[in-house]
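Every number in this text was worked out from the coordinates using simple rules, so none of it is lab data. Every value quoted in this text rests on a predicted model; they were computed, and no experiment measured them. Backbone-built Cβ (ideal geometry, glycine too); neighbour counts: all protein chains shown.
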Amino acid sequence: MRNIVSSVIGRFATLTVAASLALSGIGGASSASAQARAKNNLPLVRDAEIESLVGDYARPLLKAAGLSRAGVQTVLVNSSDFNAFVLGRRIFVNTGAITMTETPNQLIGILAHEIGHLAGGHQQRLRERLESAKVMSIAAALLGAGVAIGGSAAGVRGAAGAGAGVFSAGGAATQRSLLNYMRGEESVADRAAINYLAKTGQSGRGLVETFQTLDRNSMFSGSGGRSYLSSHPAPRDRVLAIEESARRLTPYDKQDAAALTERHGLARAKIAAYAGGMNDVRRLFAKDPRSLPALYGDAIATFLSGQHASALKKLDALIAARPSNPWFHEMRGEILLEAGRAPEAATAFKRAAKLDRSNSGLLQAEIGQALVMSGGKSDLNQAIELIQAGLQNDPVNGEGYRYLAMAYSRLGDIGRAELATAEGHWNTGSLQEAKVFAARAQSKLKPGTPAFRRAQDILSTKTR
């Protein structure tokens, strides 16, 4: 990983998905065709450590909401803005929401709120209301209102001007009715969040603190009664609505476990290092510059500046302090790989995978990546096996397919290399590119083989 939008396997690798109406902060869901027409792309961050942390936060809440078997995924978005939203069965969390939450409980409260939207079926109901309107100008007006006002309330920089033009379209009365409906759904999700926190024995303080922070930055502070134009209630109103129940129903003064607080700090440090380097790390941990998270961020920032030997020394000190932390070993492998020491990197990644309780497919694929870079034929065969196992657990790991293709190519199996490239494009949403490489693969594969049939599956799938 060289920066926050690099494409190194397992380290903030960037993907894109089509933006939709829901991404504006409105909370609805668009059709597949509307997503295909969307002009904006959403950068998605892949990192095993942070995905594991957010997954651990979400898991008990999903169980409390009755969604533990619903296949809900948490997805990281490469954005410094304080925001989270739901789309389909995915909870999108901005990296900014992680760095700006000082405690695990604050981020847990945000996730509880988003899970409230999922459990309440709010996306589907809003979509039905929009469809029943049968007027596209209303949808355009809603999009403008969500970007210009709902987004700004959540701290989205530059959003205020983005939707001003489209907001003028559509009937004012209909806009107000739908916005009022959406504010009601937000309040429902807030109440659901308190219930989930209570069921899981977690404090509601973090959610209250989050709304208090938003209130300090909200454009509705002193707005003179214009909050009816927002798709979200004013943060101050939300605090008043939930604080009493949070104090009454949840263990309000309960503190986060020290180990969890440390993990949260380490995730914040990693994001800060990749987003802004040493300066951002020092700014984030100015009050405690010798804490373990601060030292972790310093080590990563040192690595990103090209000082591999110094970064390794700092990582080794961290490993000595926390030898069972898998992510320190993973970062050590990342540094070694960048320094051209692929066999040692593979050893470090293997150690990380052994310690990792989340069974991350990214880590398995990282071992394969290091073995591919090592270059020996026996290493390449093992790399293929490991990368394929990783892709079974994590089929949207685009970098895994890239290194799988590289391994097959170095073994002289060009047909399977082309197929791996096709499957990588397919699983990350580049459907036309997938068909191009699937056709190339078929021309080199034996008809009737499983690989040939997988290529045919890609080619025969109709896309719009």
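Some points to look at:
- Peptide ranges 106-114, 92-100, 257-265 listed from the most packed, as the mean C-beta count within 10 angstrom indicates: 106-114, 92-100, 257-265
- In this rough spin-label picture, where each label sits 7 Å from Cα along the Cβ direction, the SER291-ALA259 distance is 1.9 nm.
- Ordering MET331, MET406 by the number of other Cβ atoms within 10 Å of each residue's own Cβ, fewest first, gives MET406, MET331.
- Label-reachable residues, the range 302-335, where backbone N falls under 13 Å from a point 7 Å from ARG357's Cα toward its Cβ: 324-326
- Residues whose amide H lies under 5 Å from that of GLN73, counting only those 5 or more places away or on a different chain, are ARG90, ILE91; hydrogens are built 1.01 Å from N in the peptide plane.
- Separation between Cα centres of the range 359-395 and the range 423-464, rounded to whole Å: 22 Å
- Relative contact order of the range 51-96: 33 percent, from C-alpha pairs under 8 Å at least 6 residues apart in sequence.
- Note on GLU433/LYS377: beta-carbon distance plugged into 1/(1 + (r/R0)^6) with R0 of 30 Å gives a FRET efficiency of 0.55.
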